[in-house]
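Since every read-out is calculated from the coordinates, none of them should be taken as a lab result. Just so you know, these numbers come straight off a predicted model, no measurement behind them. All Cβ positions, glycine included, derive from the backbone under ideal geometry; neighbour counts span all protein chains shown.
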Amino acid sequence: MIQDSDITTNQSLGNKKNPPWVDKFQQYLKDNFKKRNNLWRLLWFAVGLVIVLVPSLTCNLLIREGQWPWPGDVQHNPGIAFGAEMPVPLIYFLQSMICIILLGCILFMKKWYYILPLALAFTGGMFNLFDRVAGFPGDPNTVIDYIPTLWLSDTTSNFPDFSIVGGVIVFAVLYVIFTIIDAFGKNKKAEGDQHGKDPSPKP
């Protein structure tokens with residue numbers, strides 16, 4: 001037999017409110033993940049994938065098959081960031097964390113026009129990570145570099161490296177530009193609101 005106390009308890013459980021942060025997160029998803037925004041996200045993310053993957057895979061496969069026209073520039077890089085040597089587990093950890101952070105930015109970025117540079121950096125980082133996992137015969141845990149770095153002697157890089165650096169630079173430039181535009185727009189709006197007010201005292 002069901003008692004009144006049981007009914008009251010069930011009703012209280014059914015009417016239990018979510019914590020404030022849950023409601024804010026749900027509202028954030030509702031406001032920013034609309035169908036139109038999702039289409040733009042997917043479009044620019046796909047463009048970033050193609051820009052990085054097509055030349056990176058082509059160069060990598062040519063080198064692995066021994067058909068690269070400039071074999072003297074090919075190096076097997078065991079380090080990270082222009083050949084900086086670190087313990088292998090630390091390199092995998094840093095590369096994985098950077099890719100996770102970039103993916104989070106892509107998923108939760110409000111402005112769709114930031115997706116392309118973030119996709120360039122993310123795809124370049126993931127390609128280097130998988131390239132390191134694949135390694136090279138007789139030289140495991142290395143990334144294949146094949147583009148001479150002009151500003152650093154005796155160092156080479158690869159196309160994913162340039163996509164990472166280029167994506168970060170483009171994102172930073174866009175962020176500065178749109179921050180200035182937003183600030184300028186807010187100042188104009190504030191000036192318009194001040195001019196729209198009647199300065200004469202009310203009777």
Seminar exercise, completed: For the stretch 81-126 the chymotrypsin sites (Phe, Trp or Tyr not before Pro) that pass both the DSSP coil test and the at-most-15 other-Cβ-within-10 Å test are PHE82
Seminar exercise, completed: Computed ³J(HN,Hα) along the stretch 127-135: with the Karplus parameters 6.51/-1.76/1.60, θ = phi - 60°, integer Hz and x for glycine or proline, the list is 5, 4, 5, 5, 5, 5, 4, 5, x
For this session: Could you please report the charge total around LEU57, scoring K, R as +1 and D, E as -1 over all other residues with beta-carbon less than 13 angstrom from its beta-carbon?
Result: -1
Exercise. Expressed as a fraction of 2.2 N^0.38 Å, the rule-of-thumb size for a compact globular protein of N residues, what is the C-alpha radius of gyration of the stretch 53-118?
Worked result: 1.49
For this session: Return the distance in nm (one decimal) between the two label points of a simple spin-label model at ASP182 and LEU103, each offset 7 Å from Cα along Cα→Cβ.
Result: 2.6
For this session: Show the residues, 5+ positions off or on another chain, whose built amide H is closer than 5 Å to the amide H of THR149.
Result: THR155, THR156, SER157
Exercise. If you stretched the chain out fully between ASP139 and VAL54, how much longer would it get, using 0.36 nm times the residue separation minus the C-alpha to C-alpha distance?
Worked result: 28.2 nm
For this session: Just add up the charged neighbours of ILE80: K/R +1, D/E -1, any other residue whose Cβ is under 15 Å from the Cβ of ILE80.
Result: -3
Exercise. If you look at just the Cα atoms of the stretch 118-174, how large are its Rg and its Dmax in Å?
Worked result: 12.6, 43
Seminar exercise, completed: Length gained, LYS111-TYR92, 0.36 nm per residue minus C-alpha separation, equals 3.8 nm
